[in-house]
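The values are calculated or read from the model by the stated rules, or taken from the named source; none is laboratory data. Just so it is clear, the model here is predicted, and its values are computed rather than measured. A quick note on method: Cβ atoms are made from the backbone with ideal geometry, for glycine too, and the neighbour counts reach across all protein chains shown.
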């Protein structure tokens, strides 16, 4: 079964330093997508970055980069130059396809999250 | 473009009462999702619609939960009767299509407390 594992319940980082949030996934599918979302205390899920399983280059979006190691099935999020506003829950998620009576469908499954605290 | 709209933002009810949540996805997004997020956990998919049809409701507790998307646009999720363990944030999300490769956009959620 598809599974996302985030082993760090909480992480602390000093402002302006870089931090890596770990994510490993389990799938036997060849085609899948990996996402990172940020959830502040206000509750909304904010999309950060996406990596397709066939993408050879690591995805980058501003201060966010995804360290994709396909053979190790890991998709770690790197945040450079942390800011106080980065304090939030961070979720790794994977989309994968499944056949059902209506055809091919894509499901999005989440890890348990990592609570990042940025200290001044 | 406007985001995914959800209401109410907060709701407190007693157990065995009923409650309904509303979601309006991004205009043009064919696929709509309802997720349940219990405190300290990641979101869990309850039900997925493609236009006005259900694609996946395998994790929806159908004895008490129901959802509809009659005109293929906005959607309602209902719980009747509510239990204490239903206390959670209910997130609505939408995507352009079933593949979700253009991303999933989430609403701000409805925080339900059952007492």
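Out of curiosity, is residue B:81 modelled with pLDDT of 90 or more and more than 15 Å from the chain's Cα centre (by Cα)? Give the derivation first.
Working: modelled with pLDDT of 90 or more: yes; more than 15 Å from the chain's Cα centre (by Cα): yes.
Yes, satisfied.
Pick out the one residue from A:43, A:33 that is within 22 Å of residue B:36 (Cα to Cα) and part of a strand (DSSP E or B).
Values: A:43 fails: part of a strand (DSSP E or B).
None of the other options fit; the residue is A:33.
For the stretch A:68-82, indicate whether the set of residues that are within 10 Å of the chain's Cα centre (by Cα), modelled with pLDDT of 95 or more, within 19 Å of residue A:3 (Cβ to Cβ) and within 9 Å of another protein chain (Cβ to nearest Cβ) is non-empty.
Within the stretch A:68-82, none of the residues are within 10 Å of the chain's Cα centre (by Cα), modelled with pLDDT of 95 or more, within 19 Å of residue A:3 (Cβ to Cβ) and within 9 Å of another protein chain (Cβ to nearest Cβ).
So for the stretch A:97-108 (the condition being under 14 Å from the mean Cα position of the chain (by Cα) and assigned to a loop (DSSP other than H, G, I, E, B)), does at least one residue qualify?
Within the stretch A:97-108, the first condition is being under 14 Å from the mean Cα position of the chain (by Cα), and the residues that meet it are A:108.
In the following step, the residues that additionally are assigned to a loop (DSSP other than H, G, I, E, B) were identified as none.
So far as the stretch A:97-108 goes, no, none of its residues is under 14 Å from the mean Cα position of the chain (by Cα) and assigned to a loop (DSSP other than H, G, I, E, B).
Hey, does the stretch B:19-30 have a residue that's under 14 Å from the mean Cα position of the chain (by Cα), surrounded by fewer than 21 Cβ atoms within 10 Å (Cβ to Cβ) and within 12 Å of chain A (Cβ to nearest Cβ)?
Checking the stretch B:19-30: not a single residue is under 14 Å from the mean Cα position of the chain (by Cα), surrounded by fewer than 21 Cβ atoms within 10 Å (Cβ to Cβ) and within 12 Å of chain A (Cβ to nearest Cβ).
Can you tell me which condition residue B:74 does not meet? The list is (1) closer than 15 Å to residue B:3 by Cβ; (2) surrounded by fewer than 17 Cβ atoms within 10 Å (Cβ to Cβ); (3) in contact (Cβ under 8 Å) with a residue 24 or more places away in the chain; (4) within 14 Å of chain A (Cβ to nearest Cβ), and all the others hold.
Going through (1) closer than 15 Å to residue B:3 by Cβ; (2) surrounded by fewer than 17 Cβ atoms within 10 Å (Cβ to Cβ); (3) in contact (Cβ under 8 Å) with a residue 24 or more places away in the chain; (4) within 14 Å of chain A (Cβ to nearest Cβ) one by one, residue B:74 breaks only (4).
From A:37, A:25, A:64, grab the single residue that is buried (at least 16 other Cβ atoms within 10 Å of the Cβ), without any contact (Cβ under 8 Å) to a residue 40 or more places away in the chain, under 30 Å from residue B:89 (Cα atoms) and within 12 Å of the chain's Cα centre (by Cα).
Values: A:37 fails: without any contact (Cβ under 8 Å) to a residue 40 or more places away in the chain; A:25 fails: without any contact (Cβ under 8 Å) to a residue 40 or more places away in the chain.
Selected residue: A:64, the only one of A:37, A:25, A:64 that is buried (at least 16 other Cβ atoms within 10 Å of the Cβ), without any contact (Cβ under 8 Å) to a residue 40 or more places away in the chain, under 30 Å from residue B:89 (Cα atoms) and within 12 Å of the chain's Cα centre (by Cα).
When the stretch B:31-45 is examined, which residues are found to be in contact (Cβ under 8 Å) with a residue 24 or more places away in the chain, part of a loop (DSSP other than H, G, I, E, B) and surrounded by 14 or more Cβ atoms within 10 Å (Cβ to Cβ)?
Keep residues of the stretch B:31-45 that are in contact (Cβ under 8 Å) with a residue 24 or more places away in the chain, which gives B:31-39, B:43.
From the residues that got through so far, the ones that are part of a loop (DSSP other than H, G, I, E, B) too are B:38-39, B:43.
Listed by number, the list holds a single entry, B:43.
Hey, residue B:105 hits all of (1) within 23 Å of residue A:108 (Cβ to Cβ); (2) away from chain A (no Cβ under 14 Å); (3) over 11 Å from the mean Cα position of the chain (by Cα) but one; which does it fall short on?
Condition (2) is where residue B:105 drops out.
Out of the residues in the stretch B:90-102 that are crowded, with 18+ Cβ neighbours inside 10 Å and at the interface with chain A (Cβ under 8 Å from one of its Cβ atoms), which is nearest to the chain's Cα centre (by Cα)? Spell out the reasoning first.
If we filter the stretch B:90-102 for residues that are crowded, with 18+ Cβ neighbours inside 10 Å, which is where we start, we get B:90-95, B:98, B:100.
Remaining after also requiring at the interface with chain A (Cβ under 8 Å from one of its Cβ atoms): B:91, B:93, B:98, B:100.
Details: B:91: 5, B:93: 7, B:98: 16, B:100: 17 Å.
Step by step, filter the stretch B:90-102, then rank; the result is B:91.
I'd like to check something: does the stretch B:53-67 contain any residue that is more than 13 Å from the chain's Cα centre (by Cα) and at positive phi?
no
For residue B:48, indicate whether it is in a strand (DSSP E or B), modelled with pLDDT of 95 or more and crowded, with 20+ Cβ neighbours inside 10 Å.
On the way: in a strand (DSSP E or B): yes; modelled with pLDDT of 95 or more: no; crowded, with 20+ Cβ neighbours inside 10 Å: yes.
So residue B:48 does not fit the description; no.
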